[in-house]
Amino acid sequence: MRKMPAVSRFLRAVLFAVPLACAAQAAPAARGNDPTYTAPDAAALAKIQAAAEHGDRDAQRDLGLYFEKARNDWPSAVPWLRKAADQGDPRSQNAIGIAYENGLGLTKDIPTAVSWYRKSADQGYARGQVSLAYNYLQGSGVEQDQAMAARLLRKAADQGFADAEYDLGVLYRNGQGVAHDNAKAMELYQKAADQGDADAETSLGKLYFFGQGVTKNMDTAASLMRKAADQGNAEAQWMLGNFYINGTGIAKDPAAAMSLYSKSAAQNYAAAQNEMGNAYINGTAVPRDYAVAMTWYRKAADQGNLDALNNIGLSYQNGQGVNKDYAQAATYFRKAAEQGNAEAQDNLGILYANGQGMPKDYAAAAGWFQKAATLGNANARDNLARLSRPLQSSPPGNPYQGNAGNADNAVAQQQANAQYQQQQEDQQNQQQMQMQQQTTQQQWDQQTRQRQEEDEQRQQQQEQQAEQQREAYQQQQEQQQEEMQREQEQQRQQQEQQEQQEQQQQEMEQH
């Protein structure tokens, strides 16, 4: 059975407030769409259209919003939103910015999108301020300026805009553009959570879970996670599932946990997909099915989930859902180990020590045990220590096996092994609890760096696209200028010919 200490379920995955640079990729929904929008009935729509056609700015905006939100028809929405935006409507200006940034009914053009966001933000429109803040945070269409992003978010947050309160809290949590301040992040999360913002409820719940910026309170953490999970937040569903599995601030309920994992996994949340695999491996609230477990592990691994990569390695090592294959196990352990997964590092060290799937190499084994031990893995510390006493009898999982004795000795050894293993698990749980904040911060840093790299690549692509669009526009302008010059030259020549004809006619009349 694949068994994980209770605490490790939280340490094995990244629990952090998603950096704003990543949250920005949720556009356009996070920027312009209003979840409370109600489409007008046929009679009201007819009045709106009639007023819009007579130039009424608000009606033009409302008609554009109808096409955007009720019918998801940006090509029809853009002309009306543009009319309202040209008349200074800030909501329409923000919507036009969204259209340009995402290529919705318009050719994608990041710099033009930024100019429209700025017009909206300059009028004090909170959504426009948030949109512009995202671009400053990413350096998309403008020079990156996290401090400017924070100032814009603060303006929107001061208006009580929940998205801005949450996003500004993320900046304080990560120390982006402002000094790192968990207490301030908690205050802003609370304001957004009070308005029912699911992301804020999730992040606030994590602060209560870890006791960061607030007194640790598992009951409150569980309550906040439930509120967010009920709104369909995938991360909250996964975390609340962990609470049910471990009995954290709530009674243990594996069936409830599985229901939540399933909902989260259906939204392609990798950590929940990995937990689905664990459930099928162990038969937790579902029939044990190694093949199904491998399916879930692969879904999570395809998204880069390190725990899933390690679990696939274990499946190959144990022949669960796949044929036993130590070489394949080593391949998956290595993928996770090289990215800093302590369990995979320990598992890879064991394969090296046993010569399974690769030549026996004690030096390599020691190197991987050391890496894992540095990250707080207690089993790796024990394995590292046992490298110096290979002939001593030791419990299962040790990279060295003792000599077999008679049947009675074997039973006694098994009992000693079981007792030793329980002691190891207890020690590991205690040490992992102590390492909780340090390990989580390392995971936050790793995930933040990865997302920043992704943002930089995305920014480069956007800049290249914008440059291509600017070049195409410049060429078009030059062609139009050349055509205008040719037309002017033709008109000048025609004028000269006409003047000559008139002069000749006057001379003829004089004679």
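The values are calculated or read from the model by the stated rules, or taken from the named source; none is laboratory data. These numbers were taken from a predicted model, which means no experiment stands behind them. Cβ atoms come from the backbone with ideal geometry, glycine included; neighbour counts cover every protein chain shown. Note: areas computed on protein heavy atoms with side chains; ligands, DNA, RNA excluded. Shrake-Rupley method; radii C 1.70, N 1.55, O 1.52, S 1.80 Å.
Would you mind classifying the range 261-324 by shape? Square roots of the alpha carbon gyration tensor eigenvalues, ordered a ≥ b ≥ c; an a/c under 1.5 is rounded, otherwise it is prolate if a/b is larger than b/c and oblate if not.
Oblate.
If you take all other residues with their beta carbon under 12 Å from the beta carbon of Ser92, and give Lys and Arg +1 and Asp and Glu -1, the sum is +2. Is the shape of the range 144-232 rounded, prolate or oblate, going by the alpha carbon gyration tensor and its root eigenvalues a ≥ b ≥ c, with a/c under 1.5 for rounded and a/b larger than b/c for prolate? Taking the square roots of the gyration eigenvalues as a ≥ b ≥ c, the range 144-232 is oblate.
Per residue, what accessible area does the range 148-230 have, given a 1.4 Å probe and all protein chains present, in Å²? Walk me through the numbers on the way to the answer.
Details: 3140 Å² over 83 residues.
On a per-residue basis, 38 Å².
Taking the average, over residues, of other Cβ atoms within 10 Å as the packing measure, peptides 45-56, 238-249, 270-281 rank 270-281, 238-249, 45-56 from highest down.
Using a probe of 1.4 Å on the protein chains alone, the accessible area found for Arg486 is around 130 Å². When the alpha-carbon atoms of the range 32-167 are used, the pair Rg, Dmax equals 15.0, 47 angstrom. Sum up the charges of everything whose Cβ sits under 12 Å from the Cβ of Gly213, counting Lys and Arg as +1 and Asp and Glu as -1, but leave Gly213 out. Surrounding charge for Gly213 is +2.
Setting aside same-chain residues fewer than 8 positions from Lys69, which lysines have a Cα under 23 Å from its Cα? Once the sequence-local lysines are set aside, what remains near Lys69 is Lys47, Lys83, Lys108, Lys119.
The heavy atoms of Lys360 present about 120 square angstrom of accessible area, all protein chains included, probe 1.4 Å. Per-residue SASA remark: Met218, around 60 Å² accessible (1.4 Å probe; ligands, DNA and RNA not included).
Close amide H contacts of Gly355 (hydrogens built in the peptide plane, cut-off under 5 Å, sequence separation of 5 or more or a different chain): Asp361.
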